[in-house]
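The structure under discussion appears below in the form of structure tokens.
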Amino acid sequence: MGTTAKEEMARFWEKNTKSNRPLSPHVTIYKWSLPMAMSITHRGTGVVLSLGVSLFSLAALLLPEQFPHYLAMVKSLSLGPALVYSAKFALAFPFSYHTWNGVRHLV
């Protein structure tokens, strides 16, 4: 008969304690480096782009009107240039960063 997960974990920790093995270091002790930060940002922008495309596709399927109707609604809000450029940056940054970081990684 097999052992339970609890028994396996108890056996593992008992063996680990007897052999005086060091514990794996926690993330907080690592010194941050540029490649580490770039890797985390690359993964984050990938998640953001994936969610953005999924939400846009879902909206295109479920919303009753066509895209020009919703674009006209946003234009009618007369948002200030600071908000418009901030929104454009928020849309363009993940795409451009993820693309160029992917090219850098491949090179």
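The values are calculated or read from the model by the stated rules, or taken from the named source; none is laboratory data. What you see is a predicted model; the values in this text were computed from it and never measured. When we count neighbours, we look across all protein chains shown, and the Cβ atoms used for this are built from the backbone with ideal geometry, even at glycine. The accessibility values were calculated without ligands, DNA or RNA, using every heavy atom of the protein model including side chains. Shrake-Rupley method; radii C 1.70, N 1.55, O 1.52, S 1.80 Å.
Values for this structure:
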{"read-out": "Sparsely packed GluC sites (Glu not before Pro) within the chain, loop by DSSP, other Cβ within 10 Å at most 16", "value": "Glu65"}
{"read-out": "His26 accessible area, 1.4 Å probe, all protein chains in place, Å² to nearest 10", "value": "120 Å²"}
{"read-out": "³J(HN,Hα) computed for each position of region 69-81 - Karplus, 6.51 cos²θ - 1.76 cosθ + 1.60, integer Hz, glycine/proline x", "value": "4, 6, 5, 5, 4, 5, 5, 6, 6, 6, 6, x, x"}
{"read-out": "Tilt relative to the chain, helix 34-62 - C-alpha long axis, 0 to 90 degrees, to 10", "value": "50 degrees"}
{"read-out": "Set of lysines with alpha-carbon distance to Lys6 below 17 Å, sequence-local pairs under 8 removed", "value": "Lys15"}
{"read-out": "Restricting region 1-75 to chymotrypsin sites (Phe, Trp or Tyr not before Pro) in coil, as DSSP defines it, with at most 15 other Cβ within 10 Å", "value": "Tyr30, Trp32"}
{"read-out": "Radius ratio Rg over Rh of the chain, counting only Cα atoms, Kirkwood formula for Rh", "value": "1.26"}
{"read-out": "Heavy-atom accessible surface of the chain: percent carbon and sulfur, 1.4 Å", "value": "72 percent"}
{"read-out": "Whole-number accessible area per residue in Å² for the chain, which is evaluated in the context of all protein chains at 1.4 Å", "value": "91 Å²"}
{"read-out": "Residue-averaged [θ]222 nm for the chain, counting only DSSP H segments that reach four residues, each worth -39500 (n - 2.57)", "value": "-25500 deg cm²/dmol"}
{"read-out": "Between helix 5-18 and the chain: long-axis angle, C-alpha atoms, 0 to 90°, nearest 10", "value": "60 degrees"}
{"read-out": "Difference of contour (0.36 nm per residue) and Cα-Cα distance, Ala87 to Arg21", "value": "18.7 nm"}
